[in-house]
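Have a look at the structure below, then the notes.
Every number here is computed from the coordinates shown, using simple stated rules; none is lab data. Everything quoted here is computed from the prediction, not taken from an experiment. Note that each Cβ is placed from the backbone with ideal geometry, even for glycine, and that neighbours are counted across all protein chains shown.
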Amino acid sequence: MKKKLILFSFLVPMALMAQNVQMHYDFGKGREYVTTTLEMFKPDKWGNTFFFVDYDYNLSSKKQVGLSYMEIARCISFGKTSPLSAHIEYNGGLGAFSTNPGYGAYTINNAFLVGLDYGWHDKTFTKFLNLKLLYKDIVGKTSSSFQITGVWNLNFYKNKLTVSGFADFWKENNTNFVDASNNPLLIPTNTKYVFITEPQFWYNVTPHLSFGTEIEIASNFASVNGLKVCPTLAAKWNF
């Protein structure tokens, strides 16, 4: 599960600095586990820094941590009046699975991204949109790749309702082993492109506490062939 706050220039007021922790229960077919996410977004006079760390509690019947995934990104502004920023990013993680007996482990390939970020906001800074055009190197798997990312964060009704999320499209050579219902494929399929979007809908009970949902819609992602939809029930605490 991948979560992204808006990554905009240092024009964003320092008051919008944000850290939060989220808990999601995933209802996706073959998933049915909890994910926790820690996010931080901090602007400064040179640009902004963003990172998140996901933990999936999906290992064995004990529901221990079976996946840890991290993204960290830095935007460097081209100037106070410019909507453009230089963007650099790192992704990577580690997973585990049950065996008989014991456990095994695997890595999520390191990925390095660099490119341009274009940002927009309204006059009240309650609505943000970003578009990123990035060169992507997935180490040991797919070099000379690309990624197109859109990010949004929209607040309505005096900040009681928040609609946020991201959409990624990138090139990656994958072999998929299961279908959207988590059934094994008779013949594994090879694909070259991945799409994933995770819109979130939050009702903000207080400035700190929110309840809502996330809907992960992914195609050819995480060894799943074709399109898979995974909704969650979620809570969030904003520090």
Task: Neighbour-limited loop hits for chymotrypsin sites (Phe, Trp or Tyr not before Pro), the stretch 132-164 (at most 16 other Cβ within 10 Å; DSSP other than H, G, I, E, B) - done: TYR157
Task: Gain on full stretching of the segment that runs from TYR90 to LEU227 - 0.36 nm per residue minus C-alpha separation - done: 46.7 nm
- [ ] Return the lysines within reach of LYS123: Cα separation strictly under 21 angstrom, same-chain partners fewer than 8 residues apart disregarded; answer none if there are no such residues.
- [x] LYS42, LYS45, LYS80, LYS158, LYS160
Task: For the stretch 152-195, fraction of C-alpha pairs farther apart than 12 Å, in % - done: 72 percent
TODO: Rounded to whole Å and sorted largest first, list the principal axis extents of the Cα atoms in the chain.
DONE: 56, 42, 28
TODO: Report, in debye and to the nearest 20, how large the dipole of the stretch 64-177 comes out about its Cα centre when Lys and Arg carry +1 and Asp and Glu carry -1 on their Cβ.
DONE: 420 debye
Open item on the list: Using Cβ counts within 10 Å as a stand-in for footprinting exposure, how do SER68, SER164, SER181 rank, fewest first?
Closed with: SER181, SER68, SER164
Open item on the list: What's the magnitude of the charge dipole for the stretch 14-238 around its Cα centre, counting Lys and Arg as +1 and Asp and Glu as -1 at the beta-carbon? Answer in Debye, nearest 20.
Closed with: 380 debye
TODO: Could you line up HIS87, HIS121, HIS208 from fewest to most neighbouring Cβ atoms inside 10 Å?
DONE: HIS208, HIS121, HIS87
Open item on the list: Which of the three applies to the stretch 185-239, rounded, prolate or oblate, going by the alpha-carbon gyration tensor with a ≥ b ≥ c and a/c under 1.5 meaning rounded?
Closed with: prolate
TODO: Using Cα pairs closer than 8 Å and at least 6 residues apart in sequence, work out the relative contact order for the chain, in percent.
DONE: 16 percent
- [ ] If a/c stays under 1.5 just call it rounded; otherwise compare a/b with b/c (prolate if a/b is bigger, oblate if not). Do that for the stretch 125-200, with a ≥ b ≥ c from the square roots of the Cα gyration tensor eigenvalues.
- [x] oblate
Open item on the list: Based only on other Cβ atoms within 10 Å, what is the fewest-to-most ordering of THR162, THR36, THR124, THR232?
Closed with: THR124, THR36, THR162, THR232
